[in-house]
1. Just subtract the alpha-carbon distance of Ile78 and His138 from 0.36 nm times their residue separation and send over the number in nm, one decimal.
2. Between Leu116 and Thr190, what is 0.36 nm times their sequence separation minus the Cα-Cα distance? Round to one decimal in nm.
3. Which of the lysines could a cross-linker span from Lys158 if the Cα-Cα distance has to be under 28 Å and same-chain partners fewer than 8 positions apart are dropped?
4. Rounded to the nearest 0.05, what FRET efficiency do Gln202 and Arg227 have when you use their Cβ-Cβ distance and R0 = 25 Å?
5. What Kirkwood Rh does the stretch 98-165 have if only Cα atoms enter the pairwise 1/r average? Answer in Å.
6. Order these peptides, 127-138, 106-117, by their mean beta-carbon neighbour count within 10 angstrom, highest first.
7. Measuring from label point to label point, each 7 Å out along Cα→Cβ, what is the Leu56 to Ala239 span in nm?
8. Computed FRET efficiency, Cβ-Cβ of Asp165 and Asn276, R0 22 Å: what is it to the nearest 0.05?
Amino acid sequence: RIMDRASNHENDITPLVDMAKNADEYYEEDDNLTAASFNNANSDSSIRIRELQRRLLSEELQLYYVRVTNAIESSNNIAELSAILHGIRTDGGIQELVPFLSRFVGMGLTAKKNLLRTEMCRKLVKVFDAMLDNSNLHLDLHLHQMFTPVGTCVVAKKLSNSPYDDHWSLREEAARCLIKACDIYGEQYTTMKPRVIKILTQQALRIDRPPPTQYGGIVGISLFGPRAVDAFLLPLARAYWERWEMELMAVAKFGEGGGNALREYELSMCQQALLNAIGIFMQNVNAQEQAKRVDFDSFAEVFGERLIPLNPEQTNYMMAIL
């Protein structure tokens with residue numbers, strides 16, 4: 001347990017994060033994805049409320065919060081981070097910390113200094129995921145603080161200062177968190193799922209977006225299942241694939257320099273994500289329905305033999321079409 005290792009001495013108690021700091025110091029807008037709820041974070045009334053909440057927290061909860069935030073911000077110890085996340089995921093006595101943890105995640109994911117730190121963003125997303133897994137926590141009133149910032153981790157055009165950082169898996173992890181939140185709270189808040197889909201389609205599934213953003217949109221939509229793939233990805237699949245192929249041909253003409261190699265890799269990640277999404281549709285929709293929804297002659301012309309492994313049960317059928 002986290003608190004077993006925390007010091008009980010008064011001098012060791014670090015004050016909670018100063019919630020009254022100007023929000024502009026923590027985040028910047030990325031294609032209007034910043035949570036609107038943060039806009040009034042500096043009002044006098046909200047400062048007074050937060051200060052009152054802080055004073056009402058027990059010393060144990062203050063220590064708990066400090067332990068969590070210090071580990072997320074500073075620790076690279078896998079065992080310590082796992083213990084922190086396990087505590088958030090299972091502890092039944094931290095409901096009072098939900099407003100503070102929610103704000104910590106939301107502000108952290110929109111902070112200028114963090115947006116290009118892949119692993120920091122990953123840790124914050126994992127905190128949100130752990131909070132969702134804890135059935136003892138009621139996040140209803142605080143989801144809005146984390147929802148849009150986590151969505152930013154799915155569709156932001158850049159989440160790393162280094163091309164070698166694995167921001168691809170971060171996008172998928174963040175998307176899975178959003179889908180999990182929809183599964184848990186979707187019936188209670190009926191606009192939640194449409195809101196996520198709107199972010200993914202309007203911000204990511206556009207031909208003028210950079211490949212990492214398109215990748216996030218494709219992965220996010222595909223996680224909603226075959227119906228979402230049918231509605232939002234299949235109509236775009238051919239045009240996107242042809243565009244990517246043209247770009248890959250252009251890259252090939254200029255050799256395999258550093259920039260060109262990176263561009264080629266980004267495009268290949270988008271192509272693989274789209275193939276995976278088509279596979280989700282084909283493996284969960286029967287042949288008769290597929291025939292109604294997909295022009296296989298057109299698809300075969302563009303995707304060729306890549307379609308065969310996407311649906312092993314209909315290999316003979318696909319081979320006949322190809």
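Computed from the coordinates by the stated procedures, all read-outs in this text should not be read as laboratory data. All figures in this text were calculated on a predicted structure; none of them were measured in a lab. Note that we place each Cβ from the backbone using ideal geometry, even for glycine, and neighbour counts take in every protein chain shown.
1. 18.9 nm
2. 23.4 nm
3. Correct list for Lys158: Lys21, Lys112, Lys113, Lys123, Lys126, Lys180, Lys193, Lys198, Lys253.
4. The pair Gln202/Arg227 has a calculated efficiency of 0.85.
5. 12.2
6. 106-117, 127-138
7. 5.1
8. 0.55
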